[in-house]
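Data first, discussion second: the structure below is written as structure tokens.
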Amino acid sequence: MERYTYRPLDKTHKEIRVLDVLPGSGKQTVRCQMRHVFLTSDPVPKYETISYCWGDARLRWYIIVDGSPLNVPSSAAKALTRMRRKRSRRTLWIDAVCIKQSDLLEREWQVGLMKEIYSATVCCLVYLGDGKSLARPAAKSLKIVQSLVETSTSIDSAIRQERIKLPEGFNSDAVQTLYFEPWFTRLWILQEVALPCQTICHWGSLVYDFRQLVIIGDFWLNRVKLTQLRNHSEFLDRLLAINRISKMLQADESEPMRFAGVPLSTLHLATDLFRASDSHDYVYSVLGLCYADTLSRWSSLLEPRYTISPRDVFRDATRAAIEEAQSLQILVRGADSLCCSPDTILRASPSWVVSWDHSYNYDEDAVPLHFNFAAADDNHPIMYGRHSHDQDLLLLGGVDACQVVAVSRPVSRNSAQVWSNILEIIDFCLISARPMDGNHINIREEMDIGPALVGGRNVGRKRTSRDAFEEMLAVRQTIQHRATPLTSTLQQSPIDSDEIIGGAEAYLKDLIAMLHRRKVFVTTSGQVGIGPEDMEVNDKVVVLYGSRIPFILRPVGDEYRLVGPCYLQGIMDGEAVRQHVAEEKEDTMFVIR
């Protein structure tokens, strides 16, 4: 029998293929007819989309299309088998079959149509898997949780209530197995569930509205005592991922069943709990969630192109995010995934490029700096430019604030020397604040040390600068007088609250959080701050317009490398910019590679 041959698609009319799946049941081979439709038609012909997990693409199966066999991923064949009807045809769209996967050019422009494909669908059918023997007990247990949700008050007020224990007869293993299905970690699912009017999940015999699974997931996250479950830590991660989806589905409060759109910089932060098998898709799979205006205005940067490297895809997406937001927010909040980071796999990329495939690690990565500052002053919009021929260069305007003259060793809360490192840093700062003969490192204001070491965290709200300084001294005294040896990690030898002199528990927590994977530094102007762990002496502290946080830049010839965002006491509220304006100095245009 001759194998199925694809007919080409008409790009100008946004043509797609759909499958008219013939009736069948059980293990009968899937038989269908391929039909071409135009998304430009009014109305668009009705079809349903299938969302599923590709899995191992090397596992293949045959289906029959227009009387000819077509080799497809076995996961796609299983999904089609589950979704076909027993007695009537069903019109379906599924990517592995309806897109000619061997044609890279077709795949590129069809991926560019995903927003329209999923927005036009009658319903998105999610195939989670066969469920094996757990689908029925999972259905019963979900009904139990559903009744708890309905009898509870709103989620917001429920957060303040005590966490509940699961009732008798609840099969936690079945429900956890459902939420542990790999489909929930796919990055593609974000647009596949956000764009359609309705999304229905199929897991074995279980059929459930996806939004109900999201509501139940939120309830688990906010009300249920997760420690009573096996694998509760991994389950928490899965619930957090579902909570991200929940927030996206509520993006348009005026019309909750339709998805409005999300800024590109926000998408980067919202997707770190999801994964894609192709690095290109860390950008391309979320484009359907962008505002329509973003996709049209920055089409030259965002148009799917699988023929270019992931490095260039990430570069262009980072540039588009900056231009769309007219802000450097993505460089601040995505600092752990900047390509200047020592952990990134894309070290050959420009230092300002965000590695979109980086998944934030709560145990290993640095805690992001707080965003409630105004280092660039709100009266100074972003100064931004593109280089005429070198796309790896980013041109940003701002103020050259000062130079770094001293840095500490980096701190890791997982290190065996964490306590001695913290003590060493505090003593280094105190000595630098008390000038002595021959000491060229001078901290201008001793009171600045306390707030600087915690990155300004809770300073001005819960504590003054003097409070922070005195709490820092209390922490220092506590560490000095500990009976437990200082060569213990935080996990092995935590400090109990009743051990801390002066009641500085909150300060110690902030100190450990903010110093992790950072260095303390002192500048030529005598200011103290914290910055990236790979910063060095002679780096520059700059305030870039369009950012609420200063940055560390490294001079390299006539260019700069972006090292990362920093906190510098005394310039976080626009002081450096106002002084710059008062002295009538010219802005600096930094050429960053």
(message) ILE16 - would you say it is closer than 23 Å to LEU195 by Cβ, of a type in the set (A, V, I, L, M, F, W, C), crowded, with 19+ Cβ neighbours inside 10 Å and within 30 Å of the chain's Cα centre (by Cα)?
(response) no
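Per-residue answers, yes or no, for (1) outside the structural domain of ASP281 (by TED's automatic domain parsing); (2) polar (S, T, N, Q); (3) crowded, with 21+ Cβ neighbours inside 10 Å; (4) assigned to a helix (DSSP H, G or I):
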site	(1), (2), (3), (4)
GLN191	yes, yes, yes, yes
PRO196	yes, no, yes, no
GLY217	yes, no, yes, yes
ASN222	yes, yes, no, yes
GLU234	yes, no, no, yes
(message) Going by what's in this entry, would ASP539 be described as out of contact with any strand residue (DSSP E or B) (no Cβ under 8 Å at 6 or more places or on another chain) and either among the acidic types (Asp, Glu) or not assigned by TED's automatic domain parsing to the domain that holds ARG593 (or both)?
(response) no
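Counting only residues that are among the β-branched types (Val, Ile, Thr) and assigned to a strand (DSSP E or B), which one in region 551-571 is surrounded by the most Cβ atoms within 10 Å (Cβ to Cβ)?
ILE552
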(message) When the residues of region 478-508 are narrowed to those that are surrounded by 15 or more Cβ atoms within 10 Å (Cβ to Cβ) and not in a loop (DSSP other than H, G, I, E, B), which ends up modelled with the lowest pLDDT?
(response) GLU499
(request) Would you be able to tell me the number of residues in region 340-363 that are over 15 Å from LEU562 (Cβ atoms) and modelled with pLDDT of 85 or more? (result) 3
(message) I'm trying to understand the selection: among the residues of region 45-95, which are under 13 Å from VAL126 (Cα atoms), small (Gly, Ala, Ser) and assigned to a loop (DSSP other than H, G, I, E, B)?
(response) none
(request) Among the residues of region 401-414, count how many are assigned to a strand (DSSP E or B) and buried (at least 16 other Cβ atoms within 10 Å of the Cβ). (result) 7
(request) Return the total of residues in region 536-550 being closer than 25 Å to HIS516 by Cα, within 24 Å of the chain's Cα centre (by Cα) and not in a strand (DSSP E or B). (result) 4
(message) If I filter region 44-58 down to residues being modelled with pLDDT of 95 or more and surrounded by fewer than 18 Cβ atoms within 10 Å (Cβ to Cβ), which single residue comes out as farthest from TRP203 (Cα to Cα)?
(response) PRO45
(request) Considering every residue within region 106-113, establish whether at least one is closer than 22 Å to VAL207 by Cα and either out of contact with any Ser or Thr (no Cβ under 6 Å at 6 or more places or on another chain) or not aliphatic (A, V, I, L, M) (or both). (result) no
(request) List the number of the failed condition for ALA325; all other conditions in (1) farther than 24 Å from ASP281 by Cβ; (2) at pLDDT 80 or above hold. (result) (1)
(message) Looking only at region 375-400, how many residues end up being assigned to a loop (DSSP other than H, G, I, E, B) and surrounded by fewer than 18 Cβ atoms within 10 Å (Cβ to Cβ)?
(response) 11
(request) Take LEU213 and decide whether it is at pLDDT 85 or above, assigned to a helix (DSSP H, G or I), aliphatic (A, V, I, L, M) and farther than 27 Å from LYS78 by Cα. (result) no
(request) Give just the number: which of (1) under 34 Å from the mean Cα position of the chain (by Cα); (2) assigned to a loop (DSSP other than H, G, I, E, B) does GLU106 not satisfy? (result) (2)
(message) For the structure I just gave you, tell me whether ALA276 is modelled with pLDDT under 80 and surrounded by fewer than 21 Cβ atoms within 10 Å (Cβ to Cβ).
(response) no
(request) Collect the residues in region 124-136 that are crowded, with 19+ Cβ neighbours inside 10 Å and either assigned to a loop (DSSP other than H, G, I, E, B) or on the phi < 0 side of the Ramachandran plot (or both), keeping them in residue-number order. (result) CYS124, LEU125, VAL126, TYR127, LEU128, GLY131, LEU134, ALA135
(request) Give the residue, chosen from THR40, THR29, THR121, that is exposed (fewer than 14 other Cβ atoms within 10 Å of the Cβ), within 25 Å of LEU287 (Cα to Cα) and touching a residue at least 24 places away in the same chain (Cβ under 8 Å). (result) THR40
(message) Go through (1) surrounded by fewer than 19 Cβ atoms within 10 Å (Cβ to Cβ); (2) not assigned by TED's automatic domain parsing to the domain that holds ARG561 for ILE422 and report which single condition fails.
(response) (1)
(message) Whether any residue in region 4-25 is assigned to a strand (DSSP E or B), more than 15 Å from CYS98 (Cβ to Cβ) and assigned by TED's automatic domain parsing to the domain that holds GLU106 is what I want to check.
(response) no
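The values are calculated or read from the model by the stated rules, or taken from the named source; none is laboratory data. This is a predicted model, so every value here is computed, not measured. Backbone-built Cβ (ideal geometry, glycine too); neighbour counts: all protein chains shown.
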